[in-house]
Amino acid sequence: MTSTTPLLATEDVTVSYSGKEALHATSLSFERGSVTALIGPSGCGKSTFLRSLNLMNREIPGCRIGGSILYHGKDVNTRGVDTYQLRKQIGMVFQQPNPFRKSIRENIAFAPKRHGLSGKANLDALVEESLRAAALWDEVKDKLDQSAYALSGGQQQRLCIARTLAMHPDVVLMDEPCSALDPIATYSIEETIRDMAKRGICVVIVTHNMEQAARVSDRTAFFLLGEMVEFGPTPELFSRPKDKRLDDYLTGRFG
Ligand code: ADP
Ligand code: MG
């Protein structure tokens, strides 16, 4: 790998469900410490593309991923790849917060313990570090052994982010992580996303909220009808869209 190799890149990634193409030949690259927003009308293939980045689509019966997914310059869209290991390094946060039915502490510590981390001091340190990184520590430090289900929706989503960060991923995929949340909870998650990027994590986020894309992302990719239509620095893409279809989308003529 050379210094110009992107952390993560796709080359002609095509995804189909039961033989029906949902995403056509998409090539994009993602850098360390950057946030990329995936935007476009509903059903255009954003989630499909996002889920292909850590091969999550493979769990869907009938789904086929073609093309290359280069992680650290190496194609992981191959039969032999260890998806368990890959998803540790390329974590994912979903639209609906999905904490485990366990304590706040165990939500963070569960997977690292299964991966071999032991010792109370180590686990306590990881729990604190992860909750701090997700801006949740101050709110939960006195009730770590309470159920995660007692938290608010926004707190549960930050817990899910903390749980992902506990694996020390270098990519975090987020599929509309704020769409079930109120504006204050949304703001707090956006801050966390920027912090993650500052610490070198590569974030790829699907959002239907254009203001959110403008606030959090460095680069944006616009999808339409199963195709990636335009990709570029976010301010440019929003102020000077090159493709008429993106212009129409941004000015609300469809979508
Ligand atoms: P978006 O996230 O942009 O709303 P999706 O990636 O969810 O779009 O969907 C793209 C296309 O793939 C749609 O036509 C959708 O119906 C289809 N699709 C998505 N998930 C599945 C699935 N699990 N099984 C079959 N078709 C799917
Ligand atoms: Mg989606």
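See the values below:
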read-out	value
Number of positions in segment 53-85 that are out of contact with any helix residue (DSSP H, G or I) (no Cβ under 9 Å at 6 or more places or on another chain) and either within 12 Å of ligand 1 (Cβ to nearest atom) or among the acidic types (Asp, Glu) (or both)	4
Selected residue (criterion: surrounded by the most Cβ atoms within 10 Å (Cβ to Cβ)) from residues of segment 119-147 that are basic (Lys, Arg) and part of a helix (DSSP H, G or I)	ARG132
Given (1) surrounded by fewer than 16 Cβ atoms within 10 Å (Cβ to Cβ); (2) within 27 Å of SER27 (Cα to Cα); (3) not hydrophobic (A, V, I, L, M, F, W, C), number of the condition GLU190 does not satisfy	(1)
Verdict on ARG132 being within 23 Å of LEU173 (Cα to Cα) and out of contact with any helix residue (DSSP H, G or I) (no Cβ under 7 Å at 6 or more places or on another chain)	yes
Listing of helices (runs of 4 or more DSSP H) fully contained in segment 1-118 that carry 3 or more residues being modelled with pLDDT of 95 or more and among the acidic types (Asp, Glu)	none
Residue pairs meeting the criteria (Cβ under 7 Å; at least 6 apart or on separate chains; first surrounded by fewer than 14 Cβ atoms within 10 Å (Cβ to Cβ), in segment 59-77; second hydrophobic (A, V, I, L, M, F, W, C))	HIS72/MET1; HIS72/LEU7; GLY73/MET1; ASP75/ILE69
Top-ranked residue of segment 11-47 - restricted to ones that are among the hydroxyl-bearing types (Ser, Thr, Tyr) and touching a helix residue (DSSP H, G or I) at 6+ places or on another chain (Cβ under 7 Å), ranked as surrounded by the most Cβ atoms within 10 Å (Cβ to Cβ)	THR26
Neighbours by Cβ (under 6 Å, 6+ apart or cross-chain): first from segment 178-206, more than 17 Å from GLY154 (Cβ to Cβ) and hydrophobic (A, V, I, L, M, F, W, C); second part of a helix (DSSP H, G or I) and away from ligand 1 (no atom under 16 Å from the Cβ)	VAL203/ILE193; VAL203/MET196; VAL203/ALA197
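Conditions (1) of a type in the set (A, V, I, L, M); (2) at pLDDT 95 or above, marked per residue:
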residue	(1), (2)
GLN155	no, yes
VAL171	yes, yes
ASP175	no, yes
LEU181	yes, no
ALA185	yes, no
PHE223	no, yes
GLU230	no, yes
PHE254	no, no
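The values are calculated or read from the model by the stated rules, or taken from the named source; none is laboratory data. From a predicted model like this one, the values you see are computed outputs, not experimental measurements. Using ideal geometry, Cβ is built from the backbone for each residue, glycine included, and neighbour counts are taken over all protein chains shown.
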